[in-house]
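What follows is one structure encoded as structure tokens, with my remarks underneath.
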Amino acid sequence: MSAENLGRVLGATDAAADGPEHVTVPVAYDAILLAGFGGPEGQDDVIPFLRNVTRGRGIPDERLEEVAHHYRHFGGVSPINDQNRELKAALEAELARRGIDLPVYWGNRNWDPYLADALQAAYDDGHRTLLTIATSAYSSFSSCRQYREDIAIALEQTGLEGEVAVDKVRQYFDHPGFVEPFVEGVVAGVRSLLPSVDGDASAIRLVFATHSIPTTDAERSGPRDRSFGEGGAYAAQHLAVSELVATLAARELGLESLAWELVYQSRSGPPTQPWLEPDINDRIEELPGEGVRAIAIVPVGFLSDHMEVLWDLDTEALETSEEHGLAAVRVPTPGSHARFVSGLVDLVIERQQGTPPAERPALTDLGPWFDVCRPGCCENVRAGFRPAAAGIAP
């Protein structure tokens, strides 16, 4: 990045280029970029996909095969691509219903269709001002900055930096469209569990689950100039949303409260490296000793039923629950729930119109989150800062 561009936002529209926390002027976007994680779609794709996910870490194929068996159990096919196709179609339908003429292009970080392909396709179709929706609601390197870095890489690969402007909607962990499907699912889940505990809701525990990350990455999640406590913004956002969902669900059920806790899953680092805890299976084993007889597993960290949900929750966590005599249900992810899709379109309109922060819906004290990520936000401890779109350098 040249000296004259320091402090400006890579690849941004004029409205976002100087890095305001919230963009409050209208922007005439002409297309949407749906940015996904990606996943294999056959047995031959599994190891190449995992190499993409872990690129730069030097992990040998023998260790990747330890994770590959999760995918091989399902025929080598991750459900995530079909889920993103479904979400793309739902977004297109909702945009059309509201009379908003914005095509949706879909690109992945780790598998075909790649972000660079989506950017090139949008450019070839004549679009120059894109707004990105990442399929991740929270702040951390892996759930936000890595998407932004991969957009920057795609701009470089295509040679479109300076030709195409790419902004990104804010992190939407506490937007009503993301929260309300979880509330609906928890209410239904608790009702289904009540007969197994003789109607005693105090014997039910809500177990909110999200992906574990290294504690050093968690500590660096969110802006450097704000203190979020242990676990950084990543943990703080999950805790705030979990408490909110539990409170709203209890209210709808006519209960004074529902017991809940946040747990972590899917850690993949070496045992010597600290990751966020407690692990979901460890906690499930302990819960019967605390008087818990049933649990509702709430995948609050996930948008759709991809591999970490199908394997780590629907397979391992439910098996652990059964082994320890707990009745258990797994609450749905937002997926293509109508309220979630509507909420994503609301976020697009928010940026189109330059809606002031005070008028933006946010259900926790942490929001509304930033349109443009702040300097030093969500550093990758292993690799340091690399060029990233939709945020102020570094």
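Any read-out appearing in this document is the output of simple, stated calculations on the displayed coordinates, not a laboratory observation. The structure displayed is predicted, hence computed values, not measured ones. So basically every Cβ, Gly included, is an ideal-geometry build from the backbone, and we count neighbours across all protein chains shown.
GNM remark for the chain: springs join alpha carbons under 10 Å apart, and the peak mean-square fluctuation among Ala327, Ala383, Ala296 falls on Ala383. Measuring spread by the Cα atoms of the chain yields a radius of gyration and Dmax of 20.7, 68 Å. Taking Cβ atoms as reference points and 12 Å as the exclusive limit, the residues near Ala338 contribute a net charge of -1, counting Lys and Arg as +1 and Asp and Glu as -1. Region 176-212 and region 226-284 have Cα centres spaced 14 Å apart. At q = 0.33 Å⁻¹ the log10 of I(q)/I(0) for region 144-189 amounts to -1.13, computed by Debye summation with a single uniform scatterer per C-alpha, solvent ignored. For the chain, the longest principal axis of the C-alpha atoms and the axis of helix 80-97 are separated by about 70°. Proximity of backbone amide H atoms, modeled 1.01 Å from N, is registered between Thr13 and Val166, Asp167 at under 5 Å, excluding neighbours fewer than 5 places apart on the same chain.
Helix 338-353 axis versus longest C-alpha principal axis of the chain: approximately 30°, rounded to the nearest ten.
Charges were assigned to the Cβ only: +1 to each Lys and Arg, -1 to each Asp and Glu. The resulting dipole of region 1-126 about its Cα centre is roughly 300 debye. Compared with the dominant Cα axis of the chain, that is its longest principal axis, helix 232-253 is turned about 50°. Neighbour counting of Cβ atoms within 10 Å sorts the residues Glu161, Glu230, fewest neighbours leading, into Glu230, Glu161. A convex hull fitted around the alpha carbon atoms of region 176-330 yields 120 Å³ per residue. Put simply, the amide H of Leu34, placed in the peptide plane, has neighbours under 5 Å in Tyr105, Trp106, Gly107, Ile133, leaving out anything fewer than 5 places away on its chain. Mean residue ellipticity at 222 nm, helices only, the chain: -11000 deg cm²/dmol; runs of at least 4 DSSP H residues each add -39,500 (n - 2.57), and the sum is divided by the number of residues.
With bins 10 Å wide beginning at 0, the percent of Cα pairs of region 267-394 falling in each bin runs 10, 25, 30, 25, 10, 0. For the charge dipole of region 289-394, defined by +1 on Lys and Arg C-beta atoms and -1 on Asp and Glu C-beta atoms about the Cα centroid, which residue among Cys373, Gly301, Gly325 has the Cα displaced farthest towards the positive pole? Checked the options; the winner is Cys373.
Under a Cβ-Cβ cut-off of 13 Å, what is the net charge of the residues other than Thr215 that fall near it, where Lys and Arg count +1 and Asp and Glu count -1? For residues surrounding Thr215, the net value is -2.
Take the Cα coordinates of region 70-130, assign each an equal point scatterer, and use the Debye formula without solvent to give log10 I(q)/I(0) at q = 0.19, 0.23 Å⁻¹. So the normalised log intensities are -0.81, -1.01. For region 176-330, the dipole from Cβ point charges (+1 on Lys and Arg, -1 on Asp and Glu) about the Cα centre works out to 440 debye, to the nearest 20. Could you check which residue among Ala96, Ala188, Ala235 shows the biggest mean-square fluctuation in a GNM of the chain with a 10 Å Cα cutoff? Answer for the Gaussian network model of the chain: Ala96.
Summing charges over all other residues whose Cβ lies under 13 Å from the Cβ of Ala259, with Lys and Arg as +1 and Asp and Glu as -1, gives -2.
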